[in-house]
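First the structure, in the form of structure tokens, and then the observations on it.
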Amino acid sequence: MKERLQKILSEAGVCSRRTAEVYIAAGRVTVNGAVASLGQSADWDRDRIAVDGRVLGRPAEHLYLMLNKPRGYITTLSDERGRAIVTDLLHGVERRVFPVGRLDRNTEGLLILTDDGALAQRLTHPSHEVYKQYLLVIRAPEGGFSEPPEQQLARPIVLDGRPVVPARCRLLSQNAEKARLSVSIREGRNRHIRRLCEACGYTVISLKRVAVGDVKLGDLPLGKYRALTPGEIRYLKSL
């Protein structure tokens with residue numbers, strides 16, 4: 001069956017679909033020895049598809065991992081500034097996997113990595129509004145909390161000129177200076193929760209993602225990873 005070359009390269013774990021377009025436009029992809037063009041399709045079982053002269057083979061099965069990301073790591077696969085990247089933590093993983101979604105450098109917690117491009121595309125598409133749960137510690141503005149923070153953070157807000165789906169917030173503990181909350185969001189705007197807190201006058205002390213839908217971080221140690229269970233994989237594919 002023929003599929004777009006961008007999808008084939010993504011499923012082979014070579015790169016994302018967007019990067020595949022760059023590779024194709026640069027003439028780095030060939031099909032049966034001929035330079036491919038944007039929009040071209042191919043049959044993985046019948047055609048000889050190569051990137052930089054290396055023939056692609058269909059992976060026997062995809063790899064699905066959960067990482068408990070520490071602070072200080074970024075979720076890109078390369079960084080011209082030489083900063084630490086999350087795949088540096090995947091000792092013993094020889095296959096190329098990429099993060100599903102993002103966590104900013106100072107946010108800890110659950111990060112899914114895979115070489116299944118189709119699943120990654122589905123989970124990050126705006127139409128799949130999966131709630132992500134975070135544990136959040138904030139510092140009150142000068143003068144203290146003027147109103148319950150769980151109510152303020154749950155109000156509608158506009159980011160980047162567009163309204164944001166209100167967060168689900170639950171207060172876990174609070175004193176005069178700090179509050180600890182469980183916050184769930186189903187959109188993935190850049191620095192979403194941090195910007196929401198800034199808009200409310202709060203300073204973020206710590207932020208940790210603990211769940212993506214029904215997939216939970218649990219007691220996975222910081223900086224360690226594990227394979228997703230078959231049940232977790234089925235759940236993610238059902239979304």
Subject >> Sorted peptide list for 139-148, 217-226, criterion being average Cβ within 10 angstrom, highest first >> reply: 217-226, 139-148
**OP:** Let me have the relative contact order for the chain, percent, based on Cα pairs under 8 Å that are six or more residues apart.
**Re:** 21
Original post:
What nm value, rounded to one decimal, do you get for the distance between residue 229 and residue 151 when each label is placed 7 Å out toward the C-beta?
Top reply: 3.9
**OP:** Could you tell me which label, among (i) 18.7, 71; (ii) 20.6, 69; (iii) 17.5, 54, carries the value of Rg and Dmax of the Cα atoms in Å calculated for this structure?
**Re:** (ii)
Subject >> Ranked 172, 119, criterion: other C-beta atoms within 10 Å, fewest first >> reply: 172, 119
Original post:
What does the charge add up to near residue 129, with Lys and Arg as +1, Asp and Glu as -1, over the other residues with Cβ less than 15 Å from its Cβ?
Top reply: +4
Original post:
Calculated from DSSP H runs of 4 or more alone, at -39500 (n - 2.57) each and per residue, what is the 222 nm mean residue ellipticity of the chain, nearest 500?
Top reply: -5000 deg cm²/dmol
Original post:
Quick one: what Rg and Dmax do you get for the range 58-105 from the alpha carbons, in Å?
Top reply: 11.5, 35
Original post:
For the range 134-239, what is Rg from Cα atoms divided by 2.2 N^0.38 Å, rounded to two decimals?
Top reply: 1.20
Original post:
What full-extension length gain, to one decimal in nm, is calculated for residue 95 and residue 50 as 0.36 nm per residue of separation minus the Cα-Cα distance?
Top reply: 14.4 nm
Subject >> Where labels lie 7 Å past Cα in the beta-carbon direction, separation of residue 43 and residue 81 in nm >> reply: 4.8
Original post:
What is the distance, in nm, between label points placed 7 Å from the Cα along the Cα-to-Cβ direction at residue 62 and at residue 104?
Top reply: 2.9
Subject >> Neighbour net charge for residue 34 - beta-carbon separation under 14 angstrom, K R +1, D E -1 >> reply: +1
**OP:** For the range 146-187 and the range 41-99, compute the distance between their C-alpha centroids and round to whole Å.
**Re:** 34
Original post:
Sorting 111, 89, 38 on the 10 Å Cβ count, fewest up front, what's the list?
Top reply: 38, 89, 111
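A short reminder: the numbers here are calculations on the coordinates, not readings from a lab. Just so it is clear, the structure is predicted and the values come from calculations on it, not from any experiment. For neighbour counting, all protein chains shown are included, and Cβ atoms are generated from backbone atoms with ideal geometry for every residue, glycine included.
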